[in-house]
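Below is one structure, written out as C-alpha cells; the observations come after it.
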Amino acid sequence: MAAYKYTAVSKDGKRVSGVIEAFSEIDAAAKIKESYSIVLQISEAQGKSKAASFLSMDLGGNKLNDKAFMLMCRQFSVILKAGVPIRRTVELIAEKMTDKPLKRILDQVASDVDGGRSLAASFTDRGKKLFPITFLETVRAGEEAGSLDTAFESVSEHYAKESKMKGKVRGALIYPAFVLVVAIVVVIVLMVKVVPTFTAIFDSYDAELPAPTKLLIAMSNFFSHYWMVLLGIGAALVLAYKLYGNTEQGRINLAKLQMRLPVLGNIAILNSASQFANTMAMMMGAGLPMTKAVTITSRVLDNYHVSQEVGKISSRLEEGHTLGHSLREAACLPDILVDMTAVGEESGELEQTLTMTAEYYDTELEQATAAALAKLEPTVLVFLAAFAGFIVIAIYMAMFGMYSAM
C-alpha cells in the first residue's frame, strides 16, 4: 500500500489534514469519507530522500535466496494445511524469516492481505522483480482454485529439485575449475618468470641451442613483451561477444551455436528439455490453461532460441493445434519429449506424462554433465603435463648441449 496525504472537512466544519495508507487514490478517498464528510485534496506522499533510501537499503541486495525461498514455500504449505488463515500465515512466516529481502516483502504482503487484497496480487506487486514468474502464476492459480496449500507445496518441490540439480552441477565443476585455474597460473609463471632465468644462462654461453629450446625462448619472449596486448585482445573479444549477445539476432545465433557445440551442445539441449517438462508439469498441475502455461514456460528457459520458439507455440495452440504437433513443428526440443507430450495429450494424462519425462531428462542431464566433467579433468591434466614436459625437455637439451661444448 502507498501513503496518501489528504485535506478534508470534518462533520463540524473544521479543516483537517493527515496521511492514510491505501492501495490507490480512489481507495484512499473511500477510507477518508468514512471519517470526514468532504475531501478537499488527496496526493501521494513523497517517498524517502535518496540519502535516506540509501541508508535504509538492505546490504544483501535484492537477490533471491534459494534456500530461504524454498523454506518459505514449505512453511506456507504446512501452515495453510493446518487451517490457519492466510493473513495470520503470512504474519507468522514474516516473524521467523531471517532473509531481509523476503522479510521486507512478507511484511508488506501481510499489510496488503489485512487490507483485503489477494495474496497473489500482493506478491506480484511487492516481489515481481525478486520472485520467479512460475511462483507468482502458481500462487495465483492456487488462490483462484482454493488450493493454496497444494500450490505452495508444488512450488516448493519444483524449486527443491531444481536447486538440487544446480548444486550437483556446481559441486562437480569445482575441482575441474580449480585444476584449470592452477594450470593457467602455472603456465604464466613458467613463461614469464622461470624460462627467462634459463634464457639468461643460455645466452652467456656461445652454443647452438636445440630447436625446442629456441621455440620455448621465443614463446617466453612473446608472453613477456606482449602480455598487455594479449590481455587487450582478450578483453576486446569478451566485449565484442557481450555486445553481439545483446542484439536480438546475436542472442539467437549464440543460443543456436550453444546447442551445436560438441559435448556442451547435448547438455544445453537436455537442460532445455528438463526445464520445459518440469515447468509445464507444474503449470498444468496448478490448473493454468495450456496457452498460458506454455507462455510462462517459454520465459523461464535458459536457451534464448528455444525460449523464442516455445513462445511462438501459444499462437498455434490458439489456432487449434495440439501441443505435441506444435512442438514438432518448432523442432527445438528432443524427439522423445515431443512424442511423450503427444502421447500424454492423447491419453488425457499430460501432467503425469510430463512429470515422468522431466524425471528422465533430469537423470540424462545429470549423467551428461558428469561425463563431460570427467573428460574435462584429465584433458586439463594431460595438457599441463605435456606443457611442463616440453619445458623440461627443452631446458635439459640445452643444458646437455652446453656441457658437451665445455
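The values are calculated or read from the model by the stated rules, or taken from the named source; none is laboratory data. Here the structure is a predicted model, which is why all the values come from computation and not from measurement. Here the Cβ positions follow ideal geometry from the backbone for every residue, glycine too, while neighbour counts run over all protein chains shown. Only protein heavy atoms, including side chains, enter the accessible area calculation; ligands, DNA and RNA are left aside. Shrake-Rupley method; radii C 1.70, N 1.55, O 1.52, S 1.80 Å.
For GLU318, are the conditions met, namely being within 30 Å of VAL185 (Cβ to Cβ) and charged (D, E, K, R)? The answer is no for GLU318. Pairing residues of region 96-107 that are farther than 18 Å from ILE79 by Cα with residues that are open to solvent by 90 Å² or more (accessible area, probe 1.4 Å), at Cβ distances under 9 Å and at least 6 apart in sequence or on separate chains, gives ASP99/LYS67; LYS100/LEU59; PRO101/ASN62; PRO101/LYS63. For LYS129, state whether it is open to solvent by 20 Å² or more (accessible area, probe 1.4 Å), in a loop (DSSP other than H, G, I, E, B), out of contact with any strand residue (DSSP E or B) (no Cβ under 7 Å at 6 or more places or on another chain) and farther than 16 Å from LEU288 by Cβ. For LYS129, the condition - open to solvent by 20 Å² or more (accessible area, probe 1.4 Å), in a loop (DSSP other than H, G, I, E, B), out of contact with any strand residue (DSSP E or B) (no Cβ under 7 Å at 6 or more places or on another chain) and farther than 16 Å from LEU288 by Cβ - is met. A count restricted to region 276-291 and to residues that are under 24 Å from ASP362 (Cβ atoms) and part of a helix (DSSP H, G or I) stands at 11.
Any idea which residue in region 246-274 is nearest to LYS375 (Cα to Cα), counting only those that are open to solvent by 20 Å² or more (accessible area, probe 1.4 Å), free of Cβ contacts under 8 Å to residues at least 40 places away in the same chain and assigned to a helix (DSSP H, G or I)? Selected residue: ARG260.
Selection of first residues in region 76-92 that are open to solvent by 30 Å² or more (accessible area, probe 1.4 Å) and of second residues that are in a loop (DSSP other than H, G, I, E, B), restricted to Cβ pairs under 8 Å at least 6 apart or on distinct chains, gives the following pairs, ordered by first then second residue: LEU92/VAL84.
In the set LEU373, LEU301, LEU337, only one residue is modelled with pLDDT of 90 or more and not polar (S, T, N, Q); that residue is LEU337.
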